[in-house]
Structures are given as structure tokens and as C-alpha cells.
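Any read-out appearing in this document is the output of simple, stated calculations on the displayed coordinates, not a laboratory observation. Keep in mind that this is a model prediction, so the values were computed, not measured. Cβ placement follows ideal geometry from the backbone for every residue including glycine, while neighbour counts extend to all protein chains displayed.
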Amino acid sequence: MRTRSTRREMLDDYTPPPEELAKVARYLAFVNRWLGGTLAVASHLRCVDDRATVLDVGAGAGDLARDLARRRPNLRPMVLDASRAMLSFATGLPRIIGDGRSLPFGDRSVDFVVATHFFHHLTDEEAVATLREFDRVARRGIIVNDLIRSRTALFWIRLFTLFANRYVRVDGPLSVRRGFTIVEARTLAERAGLPWLRVQTHFGYRFTLAGERPRRASD
């Protein structure tokens, strides 16, 4: 656990049959709703009272975006994911198939760019480049929400996935092994040249790397 695992997750390379993928989507929705994922993101948007667009990168089935819209009707979420199969579950939302590392959006074209459980799929170098890409697209702020790598988190994820399907049983614990320490998360922001991003810990052995962009004369 001293260093991040470089082993790829099953779902990075393989799309399960529809019935198995639906189980994965339900598991991720459970994690976001009841184990802190949605609350971690929502906590950084609680002071946003005006209408704001939110691009959810690596959104999967779109459960977090739907929960945000339900909590905050002023938010206008869009979902982006590289998996057409996962996005098929994101009904009722604007859906974009694309690579989160190279967003098909113009500069400063959405208010907030958020990502949950996406960055642990990236190498450190990819994570730094992706933060810069988020900064290019985000007009107001960035919220990255992911897992803290620790033995305690690994114990709990193994317990929670004990009776899940094989994709979740394998990828759940591996997601923790591919996660970040708090120091590593801070280092990503420093390397990306985004010192205004701050790390905060949340329930469910997760962290957010988040902040609002400083205003510039060119904005």
C-alpha cells in the first residue's frame, strides 16, 4: 500500500454482459449515495445559488449527476464517459461519449467540472494532465472526488464487496490500491500548477481535490 497499484481494473478493458453491467451500475450508485460520494461533491456546490452547468467526467450511469440535480435544481448536469454501455443507463441526462483526459469542450465552456472515482484509473502523469484539461474547460471550479489508499479502506471495501459480482469483487479493492494518499493528491495539484485546489477528507475513506478558479482579467 506504500505505492499505487499499476494493475488495470477489469472494467478498464472489458465490458460485461448487460445484466452484469447493470449490477455494477447499481453498486456504484449505492457507493455514491450511501458511502459519501454524492455528499463529498455536493458539499463543494452548496454555496452555488445561481444556475450553473456541471460536467460530470467518468460519470458511468449518471447516478451522481441525477442526485445533484435532485438536491440542487439550479444545477444543470451533463455526463461524459468513454463507455457507451455505461452511459446507456444515464437516462434523462445530456450524455457525451468521450475521453475525460481530452474533453470535447471549448475553453471555459462549463461552470464546474467534477469527477468521482475517475482519477484512480489514471497514471500520475495522466492525472496531472487531466487536471490541466479540467482547468481549461471549467469556468468556475473543479471537484475531483476519489478514494484514499489505506489498509483500513481496503478492509472495508473487501467486506462491502464480499457478495457482489466478480467485477465488483475484483475492481472494488483494486480501486483502493490504485487510490491516492492525501500527500499524493496535493502533489498532483502542485504539479498541475493549480495551487487553488485544496484537499479535504470525507466520510467513506475518500478525499476531494477541489476549489474555485481565481478570477483573471482574461476571463
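On the principal axes of its alpha-carbon atoms, segment 137-219 has extents of 54, 22, 20 Å, going from largest to smallest. As a length-normalised measure over Cα pairs under 8 Å and 6 or more apart, the relative contact order of the chain settles at 22 percent. Using the Karplus relation 6.51 cos²θ - 1.76 cosθ + 1.60 with θ = phi - 60°, the per-residue 3J(HN,Hα) values for segment 200-211 come to 9, 8, 9, 4, x, 6, 10, 9, 10, 10, 8, x Hz, with x marking Gly and Pro. Restricting the chymotrypsin sites (Phe, Trp or Tyr not before Pro) of segment 1-83 to loop positions (DSSP other than H, G, I, E, B) with no more than 12 neighbouring Cβ atoms within 10 Å leaves Y14.
Once you divide the Cα radius of gyration of segment 10-212 by 2.2 N^0.38 Å, the number left is 0.95. Of the trypsin sites (Lys or Arg not before Pro) found in segment 128-219, those in coil by DSSP whose Cβ has at most 14 other Cβ atoms within 10 Å are R215, R216. Charging the Cβ of each Asp and Glu at -1 and of each Lys and Arg at +1, and nothing else, the dipole of the chain about its Cα centre rounds to 500 debye.
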